[in-house]
Each structure stands twice: as structure tokens, then as C-alpha cells.
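Trainee: Quick one: this structure, given as C-alpha cells, is what I'll be asking you about.
What follows is calculated from the coordinates using simple rules that are stated; it is not laboratory data. The model shown is predicted, which means the values in this text are computed figures rather than measured ones. Using ideal geometry, Cβ is built from the backbone for each residue, glycine included, and neighbour counts are taken over all protein chains shown.
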Amino acid sequence: MSNGEANQLRDASTGDLFKRLSQQTSELVRKEVDLAKAELTEKGKTAGKGAGMFGGAGLFGLTAFLALTACLIALLSTAMQVWLAALIVTVVYAAVAGVLALIGRRKLKEATPPAPEQTIETLKEDVQWAKNQRPSGAR
């Protein structure tokens, strides 16, 4: 704060000071709400990706079952034994489903807790700042 601003504040009436405080407080609250919205939107996107990965894991799990059935029928006439070929396909799809489930789980963990952590931190800083703004003679 410059000396000119400090002199203006010293010369201002109590009503003007309260008006200025009210305006600054309103602006601060609006900015904190905007920050909270942005933070929650980002966490929601991450949770959506994690849920999508779980959906993909479910799809590949179902595909593994269907592939097992198709392999039992289609591979009857091949040189390899039918059960062995079907088992190989099933294991591959099951591995894909497992990887997608692990990735989805990690994405969901990244999105929790769904609290706006950065906003909470800046609010703590704002409270500390406000406490330090008391006149030096006040306690």
C-alpha cells in the first residue's frame, strides 16, 4: 500500500471504510466461488474418465465371455485343440479388462475427495490476511 493510499484510508470516514470493506469482501467471495466451481469441474471430469474406464472394463469382460463362446465354435476345425485356443483368447481379453479396471480405479481416486482443496487453502490464507489487517492498537 502506498503512502497516498494509507493517507486516504486514515482520512476516510468510518462509513466509507465499511463500504470499501463490504465491496472488497463481496469481490473476494465471488472469486472464491469461481475458483471452487473451476476446481470441482476439473474433479468431475476426472471422475467421469474413471467411470468410463470401468465401463470399458465391463465391456471387455463381456467380450471375453462372448469370445470364449465364439472360439469354441469357430476353432473346432483348426489344428490346435479347441479348448486351448478359446482359453488363450479368454486370457487376453481378461487381461485387457483387468488393466482398464485398474486405470479406472486410479482415475476415480484422483477425483476424491470431491472438495475444492485449492479454494479451502486460499480461504484459510484470506482469513489469516484479514486477521493481520487489524489496527496495531487493537487486540
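Trainee: What ratio of Cα Rg to 2.2 N^0.38 Å holds for the stretch 35-113?
Mentor: My calculation over the Cα atoms of the stretch 35-113 gives 1.57.
Trainee: Any idea what the dipole of the chain comes to, in debye rounded to 20, about its Cα centre with Lys/Arg Cβ at +1 and Asp/Glu Cβ at -1?
Mentor: 220
Trainee: Could you tell me the calculated FRET efficiency between Ser2 and Val29, based on Cβ-Cβ distance and R0 = 35 angstrom, to the nearest 0.05?
Mentor: 0.85
Trainee: Still on this structure, I have one more. Rounded to whole Å and ordered largest first, report the semi-axes of the equivalent ellipsoid of the chain derived from its Cα gyration tensor (root of 5λ).
Mentor: That gives 66, 12, 9 Å for the three semi-axes.
Trainee: Also: Out of every Cα pair in the stretch 1-72, what percent are spaced more than 18 Å from each other? All intermediate terms of the calculation are to be shown ahead of the outcome.
Mentor: Numbers: 1788 of 2556 pairs.
So the pairs more than 18 Å apart make up 70 percent of the total in the stretch 1-72.
Trainee: What lysines does Lys109 reach when the alpha-carbon gap must be under 20 Å and sequence neighbours fewer than 8 apart in one chain are set aside?
Mentor: Within the straight-line cut-off, Lys109 pairs with Lys37, Lys43, Lys45, Lys49.
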